[in-house]
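Asks: This is the structure I have questions about; it appears just below.
The values are calculated or read from the model by the stated rules, or taken from the named source; none is laboratory data. Given the structure is predicted, the values throughout are model-derived calculations rather than measurements. Cβ coordinates were reconstructed from backbone atoms using ideal geometry, including for glycine residues, and neighbour counts include every protein chain displayed. Accessible surface areas use protein heavy atoms only, side chains included; no ligands, DNA or RNA. Shrake-Rupley method; radii C 1.70, N 1.55, O 1.52, S 1.80 Å.
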Amino acid sequence: MRLFVLWFVMVGWVMTVAAQQETVRLPRKETMLPAWLTGEEKLEVYRFRAGETELVVMDEGNLAKPRYGSLAAALAANGCRTGSNGGYFAAGEAGVPLGLVRHEGKTVSRLATKGFSVAGVLYDDGKTLRLERSHRLSIPAGSMREAVQGGPFLVEAGRPIAGLNAQKSACRTFIATDGRGNWCLGISTPMTLKSLAEHLARPGALRGFRVQTALNLDGGSSTALQCEGHRVQSNLKPVRNYIGLRPRRKR
């Protein structure tokens, strides 16, 4: 009986912290420069459970006349309190999405399979969230209820992807999972893709789960995050689409 009670308490604790915002301060690289000059590397993450949370992909349409105008407005219009910017898009007023975008079972933009920016697909199949390679999807893209492409992959099988850019630093947006139903949506302070991947793959980097798979989304000036109604960071330029999270609905 004691073991059962302990298990119940532990499960209750996990469910309590499963959906929360967390600031993760990362270890500083060895350098002779002072911290105020190098800047602190940190992540802002929102953790959640896929079985209890559904994905919503919100498209702005033509950027000259956006449907929402901001992440906050897009989330509010779709019953979400947490979300971020989404996938990459082409320059120009149209802001054409680069890769798959689906919302409520309808295709806004078709699947692409070439290019680092469309390496993976984040999608909701109506029951849970999945994160897969674009060229080896478990189900047809047309069967996905919500979906958006992004890239490159940062972590796979718990290891950082080899060959990621180690020179260009920028704010990043990412989505990650431990492969056991625990997920996090996050942004970072300016860092390289290689550095972000190494941080995410480091054991203990994110309390609560060990990252097995992580995908980069559109970052830089597009980076934005809102957690439970609190605006953590706003995008500095218009973006074509957003991803939102809300309680999973029975269908």
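Asks: In square nanometres and to one decimal, what's the mean projected area of the convex hull around the Cα atoms of the chain?
Replies: 15.2
Asks: Still on this structure, please answer the following. Can you give the accessible area of Tyr68 in Å² (nearest 10), computed on protein heavy atoms with a 1.4 Å probe?
Replies: 60
Asks: Then there is this: Work out how much length Lys65 to Glu22 would gain on full extension: take 0.36 nm times their residue separation and subtract the Cα-Cα distance, in nm to one decimal. Could you put the intermediate results ahead of the total?
Replies: Working: separation 43, 0.36 × 43 = 15.48 nm, distance 3.43 nm.
Separation in residues times 0.36 nm, less the Cα-Cα distance, equals 12.1 nm.
Asks: Per residue, how much accessible surface does segment 32-122 expose to a 1.4 Å probe? Answer in Å², no decimals.
Replies: 48
Asks: Step through the residues of segment 104-115 one at a time and calculate ³J(HN,Hα) from phi using the Karplus curve (6.51 cos²θ - 1.76 cosθ + 1.60, θ = phi - 60°), rounding each to whole Hz and writing x for Gly and Pro.
Replies: Values per residue, Gly and Pro as x: 6, x, 10, 8, 8, 9, 7, 4, 10, 10, 10, x Hz.
Asks: Quick one: which residues, 5+ away or cross-chain, put their amide H under 5 Å from the amide H of Thr53? H built at 1.01 Å from N.
Replies: Arg248
Asks: Let me ask something else. So if R0 is 35 Å, what FRET efficiency would Ala94 and Ile139 give, r being the distance between their Cβ atoms, rounded to the nearest 0.05?
Replies: The computed FRET efficiency comes out at 0.75.
Asks: In µm²/s, what is D for segment 75-126 at 10 °C and 1.306 mPa s, where D = kT/(6 pi eta Rh) by Stokes-Einstein and Rh is the Kirkwood radius from Cα pairs?
Replies: Reported coefficient: 126 µm²/s.
Asks: Express in % the proportion of alpha carbon pairs of segment 122-213 at distances exceeding 16 Å.
Replies: Counting pairs separated by more than 16 Å, the tail of P(r) holds 55 percent.
Asks: What residues have an amide H closer than 5 Å to that of Val108, excluding those fewer than 5 places away on the same chain, when H is modeled at 1.01 Å from N in the peptide plane?
Replies: The answer is Val101, Arg102, His103.
Asks: Here's something else I'd like to know. Which pairs, out of Lys42/Lys237; Lys168/Lys237; Lys42/Lys250; Lys127/Lys194, put more than 26 Å between their alpha-carbon atoms?
Replies: Lys42/Lys250; Lys127/Lys194
Asks: Report, to the nearest whole %, how much of the accessible area of the chain belongs to carbon and sulfur atoms, 1.4 Å probe, protein only.
Replies: 55
Asks: Restricting everything to alpha-carbon atoms, can you work out Rg to Rh for segment 196-236 with a Kirkwood hydrodynamic radius? Mind dumping the intermediate values first?
Replies: On the way: Rg = 12.7 Å, Rh = 12.1 Å.
Expressed as Rg/Rh, it is 1.04.
Asks: I would also like to ask the following. Work out from phi, with θ = phi - 60° and the Karplus expression 6.51 cos²θ - 1.76 cosθ + 1.60, the ³J(HN,Hα) of each residue of segment 172-182, listed in order in whole Hz, and give x for Gly and Pro.
Replies: Listing the rounded values in order: 10, 10, 8, 10, 9, 9, 8, x, 10, x, 8 Hz.
Asks: With each label point set 7 Å from Cα along the Cα-Cβ vector, what nm distance links Arg81 and Lys237?
Replies: So the two model labels end up 3.3 nm from each other.
Asks: Now a separate question. Which residues' amide hydrogens lie under 5 Å from the amide hydrogen of Val232, considering only partners 5 or more residues apart or on another chain, with H built in the peptide plane?
Replies: It is Leu225, Gln226, Cys227, by chain and number.
Asks: Can you work out the Karplus-derived ³J(HN,Hα) for every residue in segment 216-228? Use 6.51 cos²θ - 1.76 cosθ + 1.60 with θ = phi - 60°, whole Hz, and x for glycine or proline.
Replies: Result, rounded to whole Hz: 7, 10, 5, x, x, 6, 7, 4, 8, 8, 10, 10, 6.
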